[in-house]
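Colleague: Would you mind keeping the following structure in view while I ask a few things?
The values are calculated or read from the model by the stated rules, or taken from the named source; none is laboratory data. Quantities reported herein were computed from a predicted structural model and do not represent experimental measurements. Heads up, the Cβs are rebuilt from the backbone with ideal geometry, glycines too, and the neighbour counts pull from every protein chain shown. These area figures cover heavy atoms from the full protein model, side chains too; ligands, DNA and RNA do not enter into them. Shrake-Rupley method; radii C 1.70, N 1.55, O 1.52, S 1.80 Å.
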Amino acid sequence: MDRVQSIAALSILLGLIVLGLKFLAWWLTGSVALYSDALESVVNVVTAAVALLAVRGSAKPADAGHPWGHGKVEYFSAVAVGVLIVVAALLILGEAWAAFRAPRPFEADPLGLLANALAAVLNGIWCTILIRQGRRLRSPALIADGRHLLTDILSSAGVLAGVLLAAATGWTLLDPALAALVALVILWSGWQLIRDSVGGLMDVAVPDPLLARIREVIAANAEGAIEAHDLRTRHAGPMTFVEFHLVVPGGMSVSEAHDICDRLERKIRETVEPAHIAIHVEPEDKAKHAGIVVL
């Protein structure tokens, strides 16, 4: 978790650097499209700050009031980031509409365009790091931050190309049109982030490929049992919760059943880590003959 916090802290620093470059680009050119791109970077910095607070909160150990830990803090932060993204999109739409009604002249200053391009490159490098590390460390907050940066990169590339085209053709209305397009892309990104984060808060099951792998591990390592049924899974931040009922022969001792459970927990954690595993042992008359058959 210390590594997650370090990455989140670096996101704030990089966000401030990119923010400075983009506002420099807007100041040198006067382009409303570049202004919209800079405004999105303000959200990037806030997003990174929220992500840092979230990963620090989720790192707190379980306590009497929160026996399952604080993993869902990251989902709340991701929802908050999604809302901020939507707000930024609406602000950009407002700026674009004002520029449509009263077109503003701008200058394709080479230094300004170079500053914007450098900001996009920095975001591209950091976006890749955030998404890869977020998936490896299973941090929804880092993944959310990385996804937002990805939309920023795409919009920056489009804005940069559009500003060059507007300068070359003299189509001044192309500048606010690009700003509006950026806003729509950002709006979609915010909606996707809110939707995915709410899914985490609603205890959605793990993805089907991982669920199938967990079922395979149970089937292959429950030797001595009869079957497993009522398998349930969910995510809470980096933690995966796995619960199921294990049916064993009626004459099996508690110690033997416990050994099977220990083996299953160890093998499941080799597939999913960190994980909280709860196994409810039942006698053979509780078999449903519709769960996981022990190999």
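Colleague: Is it the case, given these coordinates, that Leu14 is within 14 Å of Ala119 (Cβ to Cβ), at pLDDT 70 or above and under 19 Å from the mean Cα position of the chain (by Cα)?
Modeller: Values: within 14 Å of Ala119 (Cβ to Cβ): yes; at pLDDT 70 or above: yes; under 19 Å from the mean Cα position of the chain (by Cα): yes.
It is true that Leu14 is within 14 Å of Ala119 (Cβ to Cβ), at pLDDT 70 or above and under 19 Å from the mean Cα position of the chain (by Cα).
Colleague: Consider Val242 carefully, then state whether it is open to solvent by less than 50 Å² (accessible area, probe 1.4 Å), at pLDDT 90 or above and assigned to a strand (DSSP E or B).
Modeller: Values: open to solvent by less than 50 Å² (accessible area, probe 1.4 Å): yes; at pLDDT 90 or above: yes; assigned to a strand (DSSP E or B): yes.
Yes, satisfied.
Colleague: Determine which member of the set Val50, Val32, Val81, Val46 is β-branched (Val, Ile, Thr), open to solvent by less than 30 Å² (accessible area, probe 1.4 Å), at pLDDT below 80 and under 19 Å from the mean Cα position of the chain (by Cα).
Modeller: Details: Val50 fails: open to solvent by less than 30 Å² (accessible area, probe 1.4 Å); Val32 fails: under 19 Å from the mean Cα position of the chain (by Cα); Val46 fails: open to solvent by less than 30 Å² (accessible area, probe 1.4 Å).
Result of the check over Val50, Val32, Val81, Val46: Val81.
Colleague: Moving to a separate point now. What number of residues within the range 101-116 satisfy the criterion of being of a type in the set (A, V, I, L, M), part of a helix (DSSP H, G or I) and either modelled with pLDDT under 80 or out of contact with any helix residue (DSSP H, G or I) (no Cβ under 7 Å at 6 or more places or on another chain) (or both)?
Modeller: Step one: of the range 101-116, the residues of a type in the set (A, V, I, L, M) are 102, 108, 111, 113-115.
Cutting the leftovers down to part of a helix (DSSP H, G or I) gives us 111, 113-115.
Next, from what is left, pick out any that are either modelled with pLDDT under 80 or out of contact with any helix residue (DSSP H, G or I) (no Cβ under 7 Å at 6 or more places or on another chain) (or both): 114.
Looking only at that region, the number is 1.
Colleague: Condition first: open to solvent by 60 Å² or more (accessible area, probe 1.4 Å) and either part of a helix (DSSP H, G or I) or among the basic types (Lys, Arg) (or both). Now tell me which residues in the range 263-295 satisfy that.
Modeller: Arg263, Arg266, Lys267, Arg269, Glu270, Glu284, Asp285, Lys286, Lys288, listed by residue number.
Colleague: Okay, moving on. Can you tell me which residue within the range 191-211, out of those that are at pLDDT 75 or above and either on the phi > 0 side of the Ramachandran plot or charged (D, E, K, R) (or both), is surrounded by the most Cβ atoms within 10 Å (Cβ to Cβ)?
Modeller: Applying the filter and picking the extreme gives Arg195.
Colleague: Something else: Find all pairs meeting these conditions: Cβ atoms under 9 angstrom apart; at least six residues apart or on different chains; first residue within the range 262-284 and on the phi < 0 side of the Ramachandran plot; second residue part of a helix (DSSP H, G or I) and charged (D, E, K, R).
Modeller: Thr271/Arg213; Thr271/Glu216; Val272/Arg213; Ala275/Glu265; Ala275/Arg269; Ile277/Glu265; Ile277/Arg269; Ile279/Glu265
Colleague: What number of residues within the range 139-151 satisfy the criterion of being within 9 Å of the chain's Cα centre (by Cα) and open to solvent by 20 Å² or more (accessible area, probe 1.4 Å)? Don't jump to the end; show me each part of the working.
Modeller: Our first condition is that a residue be within 9 Å of the chain's Cα centre (by Cα); within the range 139-151, this holds for 139-148.
Now restrict to residues that are open to solvent by 20 Å² or more (accessible area, probe 1.4 Å): 140, 143, 147.
Final tally of qualifying residues: 3.
So that you can scan it fast, the table gives a plain yes or no per residue for (1) over 14 Å from Val32 (Cβ atoms); (2) of a type in the set (Lys, Arg); (3) part of a helix (DSSP H, G or I); (4) touching a His at 6+ places or on another chain (Cβ under 7 Å):
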position	(1), (2), (3), (4)
Leu118	yes, no, yes, no
Ala144	yes, no, yes, no
Ala168	yes, no, yes, no
Trp171	no, no, no, no
Asp175	no, no, yes, no
Leu178	no, no, yes, no
Ile186	yes, no, yes, no
Ser189	yes, no, yes, yes
Leu211	yes, no, yes, no
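Colleague: I would also like to ask the following. Is it the case that His229 is more than 30 Å from Ala144 (Cβ to Cβ), out of contact with any helix residue (DSSP H, G or I) (no Cβ under 8 Å at 6 or more places or on another chain) and open to solvent by 50 Å² or more (accessible area, probe 1.4 Å)?
Modeller: Numbers: more than 30 Å from Ala144 (Cβ to Cβ): yes; out of contact with any helix residue (DSSP H, G or I) (no Cβ under 8 Å at 6 or more places or on another chain): yes; open to solvent by 50 Å² or more (accessible area, probe 1.4 Å): no.
Considered against the rule, which asks whether it is more than 30 Å from Ala144 (Cβ to Cβ), out of contact with any helix residue (DSSP H, G or I) (no Cβ under 8 Å at 6 or more places or on another chain) and open to solvent by 50 Å² or more (accessible area, probe 1.4 Å), His229 comes out as no.
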